[in-house]
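Written below as structure tokens is the structure these notes are about.
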Amino acid sequence: TLDQPSQLLARSLTILAPTRDDYATALYAASFNWPAVFARLQDLCTAHGYPWHEARGFCVVVFRSRLRAGADADWLHELDERSDEEACASGGLLKYWFGGADWRGDNLATCIWRCRADAQRGGLGAWHRRARGAARELYERVEFAVLRLEVGDGGREWRFT
């Protein structure tokens with residue numbers, strides 16, 4: 001079960017959307033509607049009477065890739081769908097978002113987790129192993145990063161480190 005701050009952040013993340021066409025290659029913090037997400041979090045904290053005073057850290061996983069020409073889209077979809085199911089079942093996943101590849105095949109997917117331990121546990125399943133094993137056949141390149149999202153004062157303060 002998620003604690004109230006995690007639940008509220010997860011609900012605010014339902015409106016996460018890219019704000020620019022080059023989100024797959026642009027700076028992560030500049031690629032999404034974060035101000036709107038955290039305005040929604042402020043509204044949710046108020047609506048639920050939750051006094052979010054202390055800063056709280058969350059784990060963000062950023063997966064940037066360039067698809068190979070002719071990559072098996074059905075296999076990629078299967079890997080993605082099953083890996084998402086696995087991550088949800090592992091607990092602590094607040095949001096999974098992925099976009100569509102641009103004209104070069106560049107893409108971005110991201111997960112926001114309650115904590116780094118949840119993110120690590122979420123990536124241990126059989127479908128995640130299959131997805132990692134298929135990387136060479138599906139992608140020209142893969143970049144993987146882990147960021148910390150710090151949220152304070154009910155969403156009035158936030159930053160990626």
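Here, each number is a calculation from the coordinates, and none is a lab measurement. Quick caveat: nothing in here was measured; it's all calculated off a predicted structure. All Cβ positions, even for glycine, are placed from backbone atoms using ideal geometry, and neighbour counts span all protein chains on display.
Amide hydrogen proximity for R56: with H placed 1.01 Å from N in the peptide plane, the residues at 5 or more positions away or on another chain lying under 5 Å are V151, G152. Springs between Cα atoms under 10 Å define the GNM used for the chain, and in it the highest mean-square fluctuation of D84, D74, D118 occurs at D74. Close amide H pairs (under 5 Å, H built 1.01 Å from N) link K95 with I112, residues at least 5 positions away or on another chain. Rounded to the nearest Hz, the phi-derived 3J(HN,Hα) couplings of the range 96-101 under the Karplus curve 6.51 cos²θ - 1.76 cosθ + 1.60 (θ = phi - 60°) are 10, 9, 9, x, x, 5, where x marks glycine and proline. Applying both filters, DSSP loop and at most 14 other Cβ atoms within 10 Å, to the trypsin sites (Lys or Arg not before Pro) of the range 128-157 gives R156. Taking amide H positions as modeled 1.01 Å from N, with prolines and chain starts lacking one, the residues under 5 Å from Y139 and 5 or more places away or on another chain are R68. Residue-wise HN-Hα couplings along the range 102-112, as the Karplus relation 6.51 cos²θ - 1.76 cosθ + 1.60 with θ = phi - 60° gives them from phi, are 7, 4, 8, x, 6, 8, 9, 10, 8, 10, 10 Hz; Gly and Pro carry x. Its relative contact order, with pairs defined as Cα atoms under 8 Å and 6+ residues apart, puts the chain at 32 percent. Please identify the chymotrypsin sites (Phe, Trp or Tyr not before Pro) of the range 57-161 that satisfy two criteria: DSSP loop assignment and at most 12 other Cβ atoms within 10 Å. Which are they? The qualifying sites are W103.
For the range 77-90, what does the Karplus curve 6.51 cos²θ - 1.76 cosθ + 1.60, with θ = phi - 60°, yield as ³J(HN,Hα) per residue in whole Hz, taken in order and with x for Gly and Pro? Residue by residue, the range 77-90 yields 4, 4, 4, 5, 4, 5, 5, 5, 4, 4, 4, 4, 5, 6 Hz.
Of interest is the spacing of the C-alpha centroids, which for the range 10-82 and the range 102-161 amounts to 10 Å.
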